[in-house]
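Asker: First, the structure itself, so that you have it in front of you.
The values are calculated or read from the model by the stated rules, or taken from the named source; none is laboratory data. Only a predicted model underlies this, so the values are computations on that prediction, with no experimental measurement involved. Backbone-built Cβ (ideal geometry, glycine too); neighbour counts: all protein chains shown. Areas reflect the complete protein model, heavy atoms only, side chains present, ligands, DNA and RNA absent. Shrake-Rupley method; radii C 1.70, N 1.55, O 1.52, S 1.80 Å.
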Amino acid sequence: MHTGELYLPGDEEIVEDQTKRLDCLYDYNMTRPTEGEKREAMLKEMFAEIGEGCYIEPPFHANLGGGNVHFGKYVYANFNLTMVDDTHIYVGDYTMFGPNVTVATAGHPILPELREKLYQYNMPIHIGKRCWIGAGAIILPGVTIGDDTVIGAGSVVTKDIPANVVAVGNPCRVLREIGEHDREYYFKDRKIDYDSIE
């Protein structure tokens, strides 16, 4: 599963483990908004790693219930985050996901005869620290996104994106670097009032 090689899913032991993990994920998605401590404890059980202060708004979806997901601290995810975590997904501290983001490590061969036989491959995904992944973005197998980068809403990320840029589109491309303008304005003509923020 973790080598990037073609393989046939469906190993009995893997399916049994996956089913248990999906039961836990189902329970997580049934929690109430007032059950924050319970959610936090459940995420620690479900994820490969999860740092302090992480928040995932249900519903959350993951092939292995988060079993191959590694979150740093203070990661935030809005509704309907989907992690196709057939292999490892690494997310750095303070990264934010908008609603309906998909992060997919699994793929299938282009050759139809191999798909007919149900072959699959998995490639890890790395997302840096302090990133913002906009609503509806899709991140495909094997992609690395550098620290401090913004991925625009609806983007389809097929290739690596460097650090400290705004990248948008389908396929996702670098629009510009993050710079001095962004230190003065937070949205269009709205200036950052540094006296009023911590």
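Asker: Applying the selection to segment 75-98, what residues are open to solvent by 10 Å² or more (accessible area, probe 1.4 Å) and hydroxyl-bearing (Ser, Thr, Tyr)?
Answerer: Scanning segment 75-98 gives 76, 82, 90, 94.
Asker: On to the next question. Scan segment 55-63 and give yes if some residue there is assigned to a strand (DSSP E or B), without any contact (Cβ under 8 Å) to a residue 60 or more places away in the chain and closer than 15 Å to residue 143 by Cα, otherwise no.
Answerer: Taking every residue of segment 55-63 in turn, none turns out to be assigned to a strand (DSSP E or B), without any contact (Cβ under 8 Å) to a residue 60 or more places away in the chain and closer than 15 Å to residue 143 by Cα.
Asker: Scan segment 8-25 and tell me whether some residue there is in contact with an Asp or Glu (Cβ under 7 Å, 6 or more places away or on another chain), basic (Lys, Arg) and open to solvent by 60 Å² or more (accessible area, probe 1.4 Å).
Answerer: Within segment 8-25 (the criterion being in contact with an Asp or Glu (Cβ under 7 Å, 6 or more places away or on another chain), basic (Lys, Arg) and open to solvent by 60 Å² or more (accessible area, probe 1.4 Å)), the answer is no, since none of the residues qualifies.
Asker: Select from segment 117-157 the residues that are under 15 Å from residue 101 (Cβ atoms) and out of contact with any strand residue (DSSP E or B) (no Cβ under 7 Å at 6 or more places or on another chain) and write down the one among them that is most open to solvent (accessible area, probe 1.4 Å).
Answerer: Checked segment 117-157; the qualifying residue most open to solvent (accessible area, probe 1.4 Å) is 153.
Asker: All but one of (1) surrounded by fewer than 24 Cβ atoms within 10 Å (Cβ to Cβ); (2) out of contact with any Asp or Glu (no Cβ under 8 Å at 6 or more places or on another chain); (3) in a strand (DSSP E or B) hold for residue 70; state the number of the condition that does not hold.
Answerer: (2)
Asker: Any idea how many residues of segment 168-198 are in contact with a Leu (Cβ under 6 Å, 6 or more places away or on another chain) and either outside any strand (DSSP E or B) or open to solvent by less than 50 Å² (accessible area, probe 1.4 Å) (or both)? Steps first, answer last, please.
Answerer: Keep residues of segment 168-198 that are in contact with a Leu (Cβ under 6 Å, 6 or more places away or on another chain), which gives 168.
Applying the additional criterion that residues be either outside any strand (DSSP E or B) or open to solvent by less than 50 Å² (accessible area, probe 1.4 Å) (or both) yields none.
The number of residues fulfilling the criteria is 0.
Asker: Follow-up. Taking segment 158-167, which residues are open to solvent by 30 Å² or more (accessible area, probe 1.4 Å) and either outside any loop (DSSP other than H, G, I, E, B) or touching a residue at least 24 places away in the same chain (Cβ under 8 Å) (or both)?
Answerer: Taking segment 158-167 and keeping what is open to solvent by 30 Å² or more (accessible area, probe 1.4 Å), we get 158-160, 162-164.
Result: 163, single match.
Asker: For segment 30-38, state whether one or more residues are free of Cβ contacts under 8 Å to residues at least 24 places away in the same chain and either open to solvent by less than 20 Å² (accessible area, probe 1.4 Å) or of a type in the set (Val, Ile, Thr) (or both).
Answerer: yes
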